[in-house]
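Each value in this text was obtained by applying a stated rule to the coordinates, not by laboratory testing. Since this is a predicted model, take the numbers as computed values, not measurements. Reconstructed Cβ throughout: ideal geometry from the backbone, glycine too, with neighbour counts over all protein chains shown.
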Amino acid sequence: MKYASIIEHGDKKGNGMVVRFRLPSGLEIFGLPTENFYSGDWDLGPTWNYAVMADTPFLVDTGRYGQSRQLLQTMDTAGVRPSDLEFVLISHSHEDHDGGLAELVGMTSLKVKAHAIYDLLIRQYPDMAPADYKRHFPAKCWHCFMPESFYAVHCLEYHRILQHLDVETVGSGINSLCTDIATSHLPGHSPDSLAVILGDEAIIVGDILLPQISPWPTRLEMYDEISGVVGPMFPDPKEILGLDRYLQSLKQLRRLGTTHPDMLVLPAHRFYYDGQWNMVDLTRRVDELLEHHVQRCADIVDIVSRGHGEAEEIVRRHFKPSLLKGPGKHMAINEILSHCELLVGLGDLVETGSHRYEASGTRLFESLIPSLEE
Ligand SMILES: [Zn+2]
Ligand SMILES: [Zn+2]
């Protein structure tokens, strides 16, 4: 692969790999994937964390909870010492990206940077929690659908430590991190998603855009739960959540790809999978994802037009059964609700009850692609 030399080979999914990327300017970036524990049809492969050896060297993401020792070992193999790094930047608040953060900070005293929404969402607000058993969940997990038994085993300790972290916040829009390197706030997959633009040579995109996988979009509806927390700073839900915002973020990436077609895209999952590299062309990948979402809108409108307007019914008719096992079902419902929200916003669907829809007869979603150059 262009720019890359493999320091350590891993398995077919990329677990255990250590990779050095050297860009034409001489900038070095280390790809440091850490293992994930999902499987089946929703398997993401490992989380790709990156060490960027700029004039102010930093790490992007820390993998899942329990992976920080592994990450430190991987860094060691790459020849990167924690003391070489100035800070760790979190791409977004999902646990496969910041799960190892508190542990890593405990072992290394690294400073933490993340979007301002991240800083708000990792804290606990017992009086604002949507349910009593969620009083000790941080706000970022209030929408989580996993049962309390899962949370108690897998997350409680991690959140307890995480909420005490000091975070240096990064603002919305474009913000300089160091010479020629800037963050861009591109929400939609998560309200706090950041991409890191490395001059005109490369971009670390987190989960905003992935090869092979369509990142799941948030829903505007999620704002109700966190409005007390983020409302004072972010009063408009459409600015941070929902499929419409996600598509706008993709279009922002597309514009970048048009100006810099040779940019190396460093995604957080599936960069290497099934024994091969998945190189991402920004413009082409954004077009594929837009096409995917428009196609999904078309399917939903067709299903609803045939009289199946209940969200769960749409899910059963749209997804193949293997995708609906276990947590997959919740992911699938989220996908459908997120698209229905967009379609209601456009006027193609009318919500006639809670998560129940009727088709209006229009197909305005088809205009989502021609508006690319807006
Ligand atoms: Zn994510
Ligand atoms: Zn992820």
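Here is a list: 311, 298, 332. Which entry is among the small types (Gly, Ala, Ser) and more than 26 Å from residue 144 (Cβ to Cβ)?
Going through 311, 298, 332 in turn, the sole match is 298.
Could you pull out the residue among 10, 16 that is in contact with an Asp or Glu (Cβ under 9 Å, 6 or more places away or on another chain), closer than 12 Å to residue 70 by Cβ and away from ligand 1 (no atom under 16 Å from the Cβ)?
Every option except 16 fails the conditions.
Report, by residue number, each residue of the range 190-209 that is within 16 Å of ligand 1 (Cβ to nearest atom) and either part of a strand (DSSP E or B) or surrounded by fewer than 24 Cβ atoms within 10 Å (Cβ to Cβ) (or both).
Listed by number, the residues that qualify are 194, 195, 196, 204, 205, 206, 207.
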Taking residue 56 and the conditions (1) free of Cβ contacts under 8 Å to residues at least 60 places away in the same chain; (2) under 27 Å from residue 171 (Cβ atoms); (3) surrounded by fewer than 24 Cβ atoms within 10 Å (Cβ to Cβ), which numbered condition does it fall short on, given that it satisfies the others? (1)
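Report, by residue number, each residue of the range 281-308 that is surrounded by 22 or more Cβ atoms within 10 Å (Cβ to Cβ) and of a type outside the set (Lys, Arg). So that I can check it myself, show each step before the final result.
Taking the range 281-308 first, the residues surrounded by 22 or more Cβ atoms within 10 Å (Cβ to Cβ) are 282, 285-286, 293, 297, 300-301, 304.
Correct list: 282, 286, 293, 297, 300, 301, 304.
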Search the range 221-259 for residues being among the aromatic types (Phe, Trp, Tyr) and assigned to a helix (DSSP H, G or I), and hand back the single one that is farthest from residue 339 (Cα to Cα). 223
If I filter the range 152-171 for residues that are small (Gly, Ala, Ser), within 16 Å of ligand 1 (Cβ to nearest atom) and part of a loop (DSSP other than H, G, I, E, B), do I get at least one hit? no
For the range 55-93, what are the residues that are within 16 Å of ligand 1 (Cβ to nearest atom), touching a strand residue (DSSP E or B) at 6+ places or on another chain (Cβ under 9 Å) and in a loop (DSSP other than H, G, I, E, B)? 61, 62, 63, 64, 67, 90, 91, 92, 93
How many residues does the range 210-227 contain that are among the hydrophobic types (A, V, I, L, M, F, W, C) and either within 17 Å of residue 185 (Cβ to Cβ) or buried (at least 22 other Cβ atoms within 10 Å of the Cβ) (or both)? 2
Just to be sure before I move on: is residue 184 closer than 30 Å to residue 259 by Cβ, in a loop (DSSP other than H, G, I, E, B) and hydroxyl-bearing (Ser, Thr, Tyr) in the structure I sent? no
Could you tell me whether any residue of the range 219-226 is touching a strand residue (DSSP E or B) at 6+ places or on another chain (Cβ under 9 Å) and either within 16 Å of ligand 1 (Cβ to nearest atom) or aromatic (Phe, Trp, Tyr) (or both)? no
Out of everything in the range 71-113 that is surrounded by fewer than 21 Cβ atoms within 10 Å (Cβ to Cβ) and of a type in the set (Lys, Arg), what residue ends up being nearest to residue 191 (Cα to Cα)? 111
